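The values are calculated or read from the model by the stated rules, or taken from the named source; none is laboratory data. Note that this is a predicted model, so its numbers are computed, not measured. Virtual Cβ from ideal backbone geometry, glycine too; neighbours counted across all protein chains shown.
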Amino acid sequence: MNKRITGLISLLAVLFVLSACSSDTIKASTSDLKYSFNNEKVSKAAGKLDFKPELPAKLPFDAKDISAESSDGVLRIHMKNEGIGFVEVQMKKKAKKVKGGDLTKASTPAGQQVKYSQNPNGKNVYWKKDHISYAITNLYKRESESLTKKQLLKMVDHFN
């Protein structure tokens, strides 16, 4: 009888620890994209294009020193943040097949299929939607001071 009670108490303790861990994970995942993104420079540059790309709406970092340019049918958004380095978001109308590097297939939390690559100086995510090619690049000096793969994939789901 004592062995059953001890076993039951151990099981309840394990379940309690597991439930606490999973609630922390849920809190972390919903708070990754806590910065709204609405920038006049970006909207103005996007307005010069002959197509209407989706723009980032939420970011996992506080974007500083934002610039945007559109030329030759390509919109480039440049953002800096001391904690994660340099981020560029690029959109172009002609959807080209992305190749080269160590591209792997990945899925965003919402299930969108993308291609992901990483090298010692940066991480990239590529996807296509409505005949428009999108890319997010995070360049950094140290990987420990960069966006995570999970954060980049979540950013893809927050374009509109």
Residue check, residue 45 aliphatic (A, V, I, L, M), surrounded by 14 or more Cβ atoms within 10 Å (Cβ to Cβ) and farther than 21 Å from residue 157 by Cα: yes
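The rows are residues; the columns are (1) closer than 29 Å to residue 50 by Cα; (2) touching a residue at least 40 places away in the same chain (Cβ under 8 Å); (3) not assigned by TED's automatic domain parsing to the domain that holds residue 66.
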{"position": "86", "(1), (2), (3)": "yes, yes, no"}
{"position": "89", "(1), (2), (3)": "yes, yes, no"}
{"position": "109", "(1), (2), (3)": "no, yes, no"}
{"position": "115", "(1), (2), (3)": "yes, no, no"}
{"position": "119", "(1), (2), (3)": "no, no, no"}
{"position": "122", "(1), (2), (3)": "no, no, no"}
{"position": "129", "(1), (2), (3)": "yes, yes, no"}
{"position": "146", "(1), (2), (3)": "no, yes, no"}
